[in-house]
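Some notes on the structure that comes next.
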Amino acid sequence: MNTSITTASQLIKLVDSHLKTAKRQRKIPLLAVIGPTASGKTAFGIALASHFNGEIVSSDSRQIYRGMMIGTAQPTAKEKAQARHYLVDFLEPDQPFNLAEYQRLATAKLQDIEKRGKLPLLVGGTGLYISSITENYLLPDSQPDQELRLKMNKLAEEQGKEAVHLLLEKLDPEAAKRIHHNNLRYVIRALEIACRKKKFSAVSTAGQSPDKSPEQSPFYPLFLEVRWPREILYQRIEKRIDQQMEQGLLKEVKNLLTKYDENLPSISSLGYRELGLYLQDKITLADALELFKKNTRNFAKRQLTWFRKFPQVYSIPGEALSEVINDLLTVRPAGTGKTARPKEK
RNA sequence: GCCGGGGUAGCUCAGUGGUAGAGCGAAGGACUGAAAAUCCUUGCGUCGCCAGUCCGAUUCUGGCCCUCGGCA
């Protein structure tokens, strides 16, 4: 289901009623601002936070890294002054990070915000991270195993990806059926889980598909999606990349590459990878920018695919966004906290 | 104006007397510990226009239009 919201008053009404329902259900209300890259989530999130007395937890897998402010479009200092942000700009680019850790950190932060009487917001475009919170993923008890990953990657190189998939077929036929043999990354992860289950077979539920339990989630999310016509979105992506270049993205990338390995997940983010190719003289700057833009468009498309599966989403047409933001920021007289959520108990 | 190359999918091009394909792009999809990652699926388009030959032409012939290169 999908409903369109075009004015601030509609939005305020919607949020107020959502807060009431959450209270009735004894859950923590959560505003989840979603949308593809360059759709305007950051500004929208800040306006919501400011209007509803909220604080923002990022659900962006790349804004977590330090020293990557331009390329990942982290909130600026000015924006951070308008609303508190968490899980942004806090991790060195060579530090490992993963879904489980995100889920743990984000959950704790969101709960903490609520305890302090503020409204928690989740703002960002990483579908997997969002879902892990809003759908309450129950992650399998299986740590990443770097040694196994290396071994399996080597096996794939020597004997082909099918060889690795064949291994999975023996250990977990169900998972093997679900995962395409070319998707080496997924196959290896499934092997990690399968090996773990084998060791602790007493408690395993073999071959079960991944689990979630939204009913038992502590949160009651309201999805707000910023939506643009496809062509306009692509124009915005192009424009933003040009702006990032003007802000000195090339210098930022250069700086990171002198310190870090180009194969790190952080450094292989959009823009960093393409500009890295240019800095290594492998392609021209014009080609790098074109590739950067194309890859970003493709990424936006994947994000949209992910968001389509959320059951109930309220969409704000991009054309109406700036007025909504403006109204959110002006409706509430500054400092009175008049429309702030009343604290229960 | 003359000589030559070419006009086929959004782009670059391959190809055949029985109405066509590859790469790129694009679109759609999957996704539970690397996720801005990783992976899967999808190609009827007046084969430049008009006429002729032929059972049949995108493929051959003629004319026209357009385009690129060379010479003027």
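The values are calculated or read from the model by the stated rules, or taken from the named source; none is laboratory data. Given the structure is predicted, the values throughout are model-derived calculations rather than measurements. In this analysis, Cβ positions are derived from the backbone assuming ideal geometry, glycine residues included, and neighbour counts consider all displayed protein chains. The area values use the complete protein model at the heavy-atom level, side chains included, leaving out ligands, DNA and RNA. Shrake-Rupley method; radii C 1.70, N 1.55, O 1.52, S 1.80 Å.
Would you calculate a helix-derived [θ] at 222 nm for chain A, using -39,500 (n - 2.57) for each DSSP H run of n ≥ 4 and dividing by the full residue count, to the nearest 500? Intermediate values should be presented prior to the final figure.
Working: 14 runs with 180 residues, N = 345.
That comes out to -16500 deg cm²/dmol.
Using a cut-off of under 18 Å, list every residue of the range A:106-140 whose amide N is near the label point 7 Å from the Cα of A:Arg302 along the Cα-to-beta-carbon line.
A:124-132
What nm value, rounded to one decimal, do you get for the distance between A:Glu79 and A:Thr284 when each label is placed 7 Å out toward the C-beta?
Each label point lies 7 Å from its Cα, and together they span 3.3 nm.
Using only the heavy atoms of the protein chains and a 1.4 Å probe, how would A:Leu91, A:Leu329 rank by accessible area, largest first?
On the way: A:Leu91 30, A:Leu329 75 Å².
If we order A:Leu91, A:Leu329 from most to least accessible, we get A:Leu329, A:Leu91.
Provide the per-residue ³J(HN,Hα) series for the range A:15-31, in order, calculated from phi with Karplus coefficients 6.51, -1.76, 1.60 and θ = phi - 60°, each as a whole number of Hz, with x at glycine and proline positions.
Couplings: 5, 4, 5, 5, 4, 5, 4, 4, 4, 4, 8, 6, 10, 7, x, 9, 9 Hz.
Ignoring ligands, DNA and RNA, what accessible area per residue does chain A give at 1.4 Å, in Å²? All intermediate terms of the calculation are to be shown ahead of the outcome.
Working: 18740 Å² over 345 residues.
Accessible area per residue, chain A: 54 Å².
Could you work out how much longer the chain between A:Asn326 and A:Lys23 gets when fully extended? Use 0.36 nm per residue separation minus the Cα distance between them, nm to one decimal.
On the way: separation 303, 0.36 × 303 = 109.08 nm, distance 2.82 nm.
Going from the current span to full extension adds 106.3 nm.
What length, rounded to one decimal in nm, is gained on full extension from A:Glu262 through to A:Asn182, with 0.36 nm per residue of separation minus their alpha-carbon distance?
On the way: separation 80, 0.36 × 80 = 28.80 nm, distance 2.38 nm.
Full extension from A:Glu262 to A:Asn182 adds 26.4 nm.
Do the alpha carbons of any pairs in A:Lys41/A:Lys259; A:Lys20/A:Lys115; A:Lys115/A:Lys309 sit beyond 19 Å of each other, and which pairs? Before the final figure, lay out each step's value.
Values: A:Lys41/A:Lys259 31 Å; A:Lys20/A:Lys115 17 Å; A:Lys115/A:Lys309 30 Å.
Long pairs (Cα-Cα over 19 Å): A:Lys41/A:Lys259; A:Lys115/A:Lys309.
Suppose the Debye formula is applied to equal point scatterers at every Cα of chain A; what is log10 I(q)/I(0) at q = 0.11, 0.12, 0.13 Å⁻¹?
The computed values of log10 I(q)/I(0) come out as -0.83, -0.97, -1.12.
Evaluate the relative contact order of chain A (contact order divided by residue number), counting alpha-carbon pairs under 8 angstrom at least 6 apart; express in whole percent. Before the final figure, lay out each step's value.
Values: 476 pairs, mean separation 103.0, N = 345.
Once divided by the residue count of chain A, the mean separation gives 30 percent.
Heavy atoms of the protein only, probe of 1.4 Å, neighbouring chains included. What is the accessible area of A:Arg116 in Å², nearest 10?
About 100 Å², rounded to the nearest 10.
Nearest 0.05, what FRET efficiency do A:Asp112 and A:Lys309 give at R0 = 30 Å with Cβ-Cβ as r?
Working: r = 29 Å, r/R0 = 0.96.
The pair A:Asp112/A:Lys309 has a calculated efficiency of 0.55.
How large is log10 of I(q)/I(0) for the range A:5-99 at q = 0.24 Å⁻¹ when the intensity is taken from the Debye formula with one equal scatterer per alpha-carbon?
Treating every Cα as an identical point scatterer, log10 I(q)/I(0) equals -1.30.
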